[in-house]
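**Student:** Okay, here's the structure, questions in a sec.
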Ligand code: NGO
C-alpha cells in the first residue's frame, strides 16, 4: 500500500513537471512582443501590443484588389506546406471579421514601396499604396513567423504572429545585387534561387553581367555567333552557356513577380573578347582572337573607328531592350585600358544615344563619367570617388558599389577559400558598418539612387560558392539601402543577424558563419528553457 502511494505521488509529480515544462515551452514559443522581433532590414517603426494572432485551420488570405492576387497566392504557398492547412485565397472588398490575413491597397500610405502591417488577435492587415509595398509587408510577416516555415515541410509549432503595428518604407529606391554570369555561367534555376533569396530581404534589383572577355551569355538573334562561339566557354575552360531570349524573359518575369527588376549589362568597349572572338569584323585588324579562359582584365576593345561596331551595338541593345521591361540598360564602360581616352569618350557618347533611342536609361561603371552624360545616365561608383564626383558635376545620379565595402566577391579574410582581395578583405562588420551618404565627401543622399553588391565570379563556380560569398553580407547591404542611417548600428545589428541562423539554415543557405556574429539558434533556446 505504502509503495503504491509513493508511485502515485511520483506519477503526479512527473505529470506536474511535464505540464510546467510544456507550459514554459509554449510561453517561450509565443512571440508576444513585436518590438523584440528580429526583422532584417530593420523596419522604420514598430509598435507592440503584447499579444498574438494564431494562424490556424480557419485562416484565409483575403485580397481586396485583383492586382494583389499573385501576392496572396505567394503567401499561401509559403504557409500551406508549413501548416498543412488549406489556407484558401479569396477576393473580398472589405476587411473580414476574424482569422484573416487581409491584403489591401490604400492611398493612406504615402510611398510606392512603403507598407503598414497591423496584427490584432483576430488577424493581420497589410496595407500599401502599391503591390510592391504589400509584397514587402508579406516579407515582414514571413520573418515574424518561426524560421521553420522556410523548410517547406509541416511543422509542429503553432504559428503565432506578435500583435502590433509595423510602419515601414525604404530609404533608397535601388537596392540590388549583381551576378556575373560571364566569368562562370549560371543556369536559370540558379538565377531564380538568387532572386528568391534577395526578395526575402526586400531587394528590388538584380543586375546581370551578361558579357565579358570570358563569355557572351544572351542570345542575340541578329548576331547568332555571339552565343554559338562566345557563349561556349568560361574561366578555366568549362563549357559556359547562355540564356535564350525565352529563358531571359522567364527570368525577367520570375523576378517581376517578386518585385525585382532585372538590369542587364553588356560590357563595352572593353571586356569584349568573347564578342571579338565570335566576329572577326568587330576587330580593327579583321582577325578574331582566341576564346579567353583566364582572369586578367583590360586587354580587349571593340574597334571604335569601324561603322559595323555601332551596327553591332545598335542590334544588341535593340534586341535586349525589347525583352527588358526595366528602365535601365547597363553599358559597362569599366577598365577599357587599351582604348585611347578620346576613342573611349566617343564610343560611350554614341552608346548612350543608342540606349536612349531604344527607350532606356543608361547605367555604367564610374569611368563613363569621362564622357558627356545624358540627363538620365547613372554612374555606378565602384573604384574612384573622383569619377563619381565628376558624374555628379555633369548632372548624373550615383549608384553606390564601392569595391572596398560592397563587393561581394571580396574574401572575408585571408583564409577564405574563394573570392578575390584586390580591394579589401570585407568581413561582415565591414560590409555593414558604413553609410551611403557619408562614404565619399561630396556625395550626399540626393545624389544617390541606392546601393548594389556585385558578385564577380572569377573564383565562383556553383550555387554553394555564390551563397557563401553573398550570405550574410547581402543582408547588411539590404539594410543599408532600406533602413534610415540613424537607426542602424553594428552592435545591435549583429545580434539581430545572429538570430537569423535558423532561418538561413531552414532556407538551406551555405552562409559564411563569421565569428563576429553571435549566431543563436532559437530551437536551442526552447530546449534550454525546458531543461531549466
Ligand atoms: C572590377 C572589374 C571586374 C572584375 C572585378 C573583380 C569592375 C567594375 N570591373 O570591377 O571585371 O571582375 O573587379 O572584383
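Computed from the coordinates by the stated procedures, all read-outs in this text should not be read as laboratory data. Every value quoted in this text rests on a predicted model; they were computed, and no experiment measured them. Cβ atoms come from the backbone with ideal geometry, glycine included; neighbour counts cover every protein chain shown.
**Student:** Mind ordering 200-206, 502-508 by average Cβ neighbours within 10 Å, highest first?
**Tutor:** Numbers: 200-206: 24.3, 502-508: 18.6.
Result, highest mean first: 200-206, 502-508.
**Student:** Let me ask another. Kindly work out what percent of the DSSP beta bridges joining two residues of the chain are antiparallel, to the nearest 5.
**Tutor:** Counting DSSP beta bridges with both partners in the chain, the antiparallel share is about 30 percent.
**Student:** Turning to a different aspect of this structure: How do the peptides 421-429, 493-501 rank, highest first, by the average count of neighbouring beta carbon atoms within 10 Å per residue? Show your work: numbers first, answer last.
**Tutor:** Working: 421-429: 17.3, 493-501: 20.2.
Final packing ranking: 493-501, 421-429.
**Student:** Just from its helices, what would the mean residue ellipticity at 222 nm be for the chain, if runs of 4 or more DSSP H residues each count -39500 (n - 2.57) and the sum is divided by every residue, rounded to the nearest 500 deg cm²/dmol?
**Tutor:** Rounded to the nearest 500, it is -10500 deg cm²/dmol.
**Student:** For the residue pair residue 287 and residue 444, what label-to-label distance in nm results when each label sits 7 Å from Cα along the Cα-to-beta-carbon direction?
**Tutor:** The two pseudo-label positions are separated by 5.6 nm.
**Student:** Expressed as a whole number of Å, what is the distance separating the alpha-carbon centroids of the range 339-371 and the range 171-245?
**Tutor:** 22
**Student:** Say each of residue 386 and residue 151 gets a label point 7 Å from the Cα, pointing the same way as Cα to Cβ; how far apart are those two points in nm?
**Tutor:** Taking the two extended label points, one gets 5.6 nm.
**Student:** Could you work out how far helix 2-29 tilts from the main Cα principal axis of the chain, as a 0 to 90 degree angle to the nearest 10?
**Tutor:** 30
**Student:** Could I ask something else about it? Would you give the gap between the C-alpha center of the range 144-166 and the C-alpha center of the range 267-292, rounded to a whole Å?
**Tutor:** 53
**Student:** Assuming 0.36 nm per residue, please report the length gained on full extension of the stretch residue 463 to residue 98 beyond their Cα-Cα distance.
**Tutor:** On the way: separation 365, 0.36 × 365 = 131.40 nm, distance 4.25 nm.
Computed gain between residue 463 and residue 98 is 127.2 nm.
**Student:** Which shape class applies to the range 57-180: rounded if a/c is under 1.5, otherwise prolate when a/b exceeds b/c and oblate if not, where a ≥ b ≥ c are the square roots of the Cα gyration tensor eigenvalues?
**Tutor:** The shape class here is oblate.
**Student:** Suppose each label sits 7 Å from its Cα in the direction of the beta carbon; what would the residue 342-residue 44 distance come out to in nanometres?
**Tutor:** Spacing of the two 7 Å Cα→Cβ label points: 5.2 nm.
**Student:** Packing-wise, with mean Cβ within 10 Å as the measure, how do 393-401, 476-484 rank, highest first?
**Tutor:** My ranking of the peptides, most packed first, is 476-484, 393-401.
**Student:** I need to check one value: relative contact order of the range 28-168, counting alpha carbon pairs closer than 8 Å and at least 6 residues apart, in percent.
**Tutor:** It comes to 34 percent, rounded to a whole number.
**Student:** State whether the range 137-198 is rounded, prolate or oblate according to the following rule on the C-alpha gyration tensor (a ≥ b ≥ c being the square roots of its eigenvalues): a/c under 1.5 gives rounded; otherwise a/b larger than b/c gives prolate, and the remaining case gives oblate.
**Tutor:** Oblate shape, in that a/c is at least 1.5 and b/c is the bigger or equal ratio.
**Student:** Give, in nm to one decimal, the length gained when the segment between residue 424 and residue 192 is fully stretched (0.36 nm per residue of separation minus the Cα-Cα distance). Before the final figure, lay out the partial values.
**Tutor:** On the way: separation 232, 0.36 × 232 = 83.52 nm, distance 2.91 nm.
Extending this stretch completely gives an extra 80.6 nm.
**Student:** Still on this structure, I have one more. What does the C-alpha gyration tensor say about the overall shape of the range 443-490? Classify as rounded when a/c is under 1.5, otherwise prolate if a/b is larger than b/c, or oblate.
**Tutor:** Oblate, because a/c is 1.5 or more while a/b does not exceed b/c.
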